[in-house]
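All remarks here apply to the structure that follows.
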Amino acid sequence: MCGRYTLAKPIKTIESHFGPIHISFKYCPSYNIAPSLVSPVVINESDQRTLTGMKWGLVPPWAKDEKMKLINARSETAHEKPSFKGSLKNQRCLIPADGFLEWAGKEKQPHYIQLKEQALFAFAGLWSTWKDSEGIGLDTYTILTTGANEKLNPIHARMPVILPPEQYNAWLAPDSSLEVVRALLTPYPSEEFDFHPVSKEVNSPKNNSPEILHAL
């Protein structure tokens with residue numbers, strides 16, 4: 001699973017990586033993004049990439065209330081699940097990140113995981129709009145997961161799906177078939193990652209500074 005991640009790159013870096021892109025979100029760097037927080041996502045809006053803010057924890061449109069928050073979706077079965085299959089077909093998004101956290105062993109030791117170049121990347125995500133009794137919409141998202149690659153498997157059996165930039169268009173395109181998008185949901189190569197243990201201070205989302213990610 002993926003329960004925490006980071007996005008601390010400058011907005012100009014994000015704009016360059018995903019551009020050309022329209023930005024409709026007031027961005028603030030974060031070293032400890034937790035479920036229920038509003039964070040940046042990239043969607044296809046009228047054939048243009050848009051960076052907007054959504055709450056992490058997908059609430060299906062049919063949910064009775066917004067208490068149902070699904071932070072991860074298994075990529076292998078998302079096309080079958082009522083909570084996700086509509087979004088997999090019509091509402092896919094990219095979730096900008098520059099690292100994520102997983103907890104290992106009985107002691108639940110947190111590890112910070114990055115690409116070797118500490119580069120910006122994107123999780124494959126799904127989004128949805130839930131409406132309350134007054135018709136007010138709430139946009140939410142979830143991160144797709146897959147089986148961990150060989151390097152990360154000792155930390156956790158699952159990992160978020162990371163898409164390389166050359167697959168962004170296919171993932172966001174509204175006319176991509178289900179077969180095409182499902183074929184993109186694979187583990188990112190082992191050799192691309194570095195990781196290190198970090199302080200358990202990351203367990204609290206109140207702690208949000210670069211220091212909590214320093215190697216022990």
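The values are calculated or read from the model by the stated rules, or taken from the named source; none is laboratory data. Since the structure is predicted, the reported quantities are computational estimates derived from the model, not experimental observations. Don't worry about glycine lacking a Cβ; one is built from the backbone with ideal geometry, like all the others, and counts go over all protein chains shown. Side chains are part of the model used for accessible areas, which takes the heavy atoms of the whole protein and leaves out ligands, DNA and RNA. Shrake-Rupley method; radii C 1.70, N 1.55, O 1.52, S 1.80 Å.
Excluding ligands, DNA and RNA, the accessible surface per residue across segment 123-175 is 42 Å² with a 1.4 Å probe.
Surface composition of segment 66-142: carbon plus sulfur atoms hold 47% of the accessible area, using a 1.4 angstrom probe and ignoring ligands, DNA and RNA.
Taking N as the number of residues in the chain, what is its Cα Rg relative to 2.2 N^0.38 Å?
0.97
A DSSP coil position with no more than 14 other Cβ atoms inside 10 Å describes the following chymotrypsin sites (Phe, Trp or Tyr not before Pro) in segment 34-108: Trp62. The Rg/Rh ratio for segment 24-113, using Cα coordinates for both the radius of gyration and the Kirkwood hydrodynamic radius, is 0.99. For segment 1-146, relative contact order (Cα pairs under 8 Å, six or more residues apart, normalised by length) works out to 27 percent.
Too long at a 20 Å Cα-Cα cut-off: which of Lys69/Lys131; Lys106/Lys200; Lys69/Lys108? Provide the component values of the computation, followed by the final result.
Numbers: Lys69/Lys131 14 Å; Lys106/Lys200 14 Å; Lys69/Lys108 23 Å.
Cα-Cα > 20 Å for Lys69/Lys108; rest within.
Between the amide H of Gln109 and those of Ala104, distances stay under 5 Å, these residues lying 5 or more places away or on another chain, with hydrogens modeled in the peptide plane. The distance from the alpha carbon centre of segment 166-207 to that of segment 59-138 is 10 Å, rounded to a whole number. In the chain, helices alone account for a calculated mean residue ellipticity at 222 nm of -2500 deg cm²/dmol, with every DSSP H run of four or more residues adding -39,500 (n - 2.57).
Would segment 143-216 count as rounded, prolate or oblate if I go by the C-alpha gyration tensor, calling it rounded below 1.5 in a/c and otherwise prolate when a/b exceeds b/c, oblate otherwise? Taking the square roots of the gyration eigenvalues as a ≥ b ≥ c, segment 143-216 is prolate.
Shown here for segment 139-211: GluC sites (Glu not before Pro) in loop regions (DSSP other than H, G, I, E, B) with at most 16 other Cβ atoms within 10 Å, namely Glu150. The aspartates and glutamates whose alpha-carbon is closer than 17 Å to the alpha-carbon of Lys26, local same-chain residues fewer than 8 away aside, are Glu15, Asp139. A DSSP coil position with no more than 12 other Cβ atoms inside 10 Å describes the following trypsin sites (Lys or Arg not before Pro) in segment 1-92: Lys26, Lys64, Lys67.
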